[in-house]
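> This is the structure I want to talk about, given as structure tokens.
The values are calculated or read from the model by the stated rules, or taken from the named source; none is laboratory data. As the structure is a computational prediction, the values presented were derived from the model and not from experiment. Every residue, glycine among them, receives a Cβ derived from its backbone with ideal geometry; neighbour counts consider all protein chains shown.
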Amino acid sequence: MNSRELLQSLNDKIPLTHAMGLKVLRCDQNGVEISADFFKNKNHKNTAFGGSVNSLMTLVCWSWLSLYLENELELSDLQVVIQESHAHFLKPIVGDFSAVCVRPDKKELSRFAKTLETRRKGRITLAAHIGEDADILAKFSGRFVAYIMR
């Protein structure tokens, strides 16, 4: 799935994404990066609305996991949902912002894939952030569940 197809999939499956002004900047096996338009996601203090920030970090992780399941495990007949999440807002966001989810380590992915295969349900914790290096503006950790539907 390329960037255009991922954005179309998000817009089709999650209507809220239309209003957020999203752009998929990168989507591959190593990670996903999605940006949001600041003016469509600002609050009354002229900073990014926390709900939008949290939503974007959730979406980028959900997107990476969906791509991983489809492209690497070759599974498409399943559901991916978030079970639990934690967001930390470290600094105000005052312009367009992008969230990045990077590929978890091999051990975590192997455990997830094995559980999914044997139990038809697997859980994995994914991380995302907004900002770069020492200037991290927000961090996210979420546990996602994948269910094989067939």
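> Which residue pairs have Cβ atoms closer than 7 Å, lie 6 or more positions apart in sequence or on different chains, and pair a first residue in the range 86-115 that is farther than 17 Å from Leu67 by Cα with a second residue that is among the hydrophobic types (A, V, I, L, M, F, W, C) and surrounded by fewer than 15 Cβ atoms within 10 Å (Cβ to Cβ)?
If the second residue must be among the hydrophobic types (A, V, I, L, M, F, W, C) and surrounded by fewer than 15 Cβ atoms within 10 Å (Cβ to Cβ), the pairs left are Leu90/Ile136; Ser98/Leu25.
> Could you look through the range 116-135, keep only residues that are modelled with pLDDT of 95 or more and of a type in the set (Val, Ile, Thr), and pick out the one that is farthest from Trp64 (Cα to Cα)?
Ile130
> Within the bounds of the range 23-35, is there any residue that is free of Cβ contacts under 8 Å to residues at least 60 places away in the same chain, outside any strand (DSSP E or B) and either surrounded by 16 or more Cβ atoms within 10 Å (Cβ to Cβ) or not hydroxyl-bearing (Ser, Thr, Tyr) (or both)?
No, the range 23-35 contains no residue that is free of Cβ contacts under 8 Å to residues at least 60 places away in the same chain, outside any strand (DSSP E or B) and either surrounded by 16 or more Cβ atoms within 10 Å (Cβ to Cβ) or not hydroxyl-bearing (Ser, Thr, Tyr) (or both).
> Right, Phe140: touching a Phe, Trp or Tyr at 6+ places or on another chain (Cβ under 9 Å), in contact (Cβ under 8 Å) with a residue 60 or more places away in the chain and either closer than 16 Å to Trp64 by Cβ or in a loop (DSSP other than H, G, I, E, B) (or both) or not?
Judged against the criteria, Phe140 is not a match.
> Counting only residues that are within 10 Å of Ser85 (Cβ to Cβ) and surrounded by 17 or more Cβ atoms within 10 Å (Cβ to Cβ), which one in the range 127-144 is nearest to the chain's Cα centre (by Cα)?
Ala128
> Out of Leu10, Leu56, Leu25, Leu67, report the one residue that is under 19 Å from Arg123 (Cβ atoms) and either of a type in the set (A, V, I, L, M) or out of contact with any Lys or Arg (no Cβ under 8 Å at 6 or more places or on another chain) (or both).
Result of the check over Leu10, Leu56, Leu25, Leu67: Leu67.
> For Val81, all conditions in the list (1) in contact (Cβ under 8 Å) with a residue 12 or more places away in the chain; (2) assigned to a loop (DSSP other than H, G, I, E, B) hold save one; what is the number of the exception?
(2)
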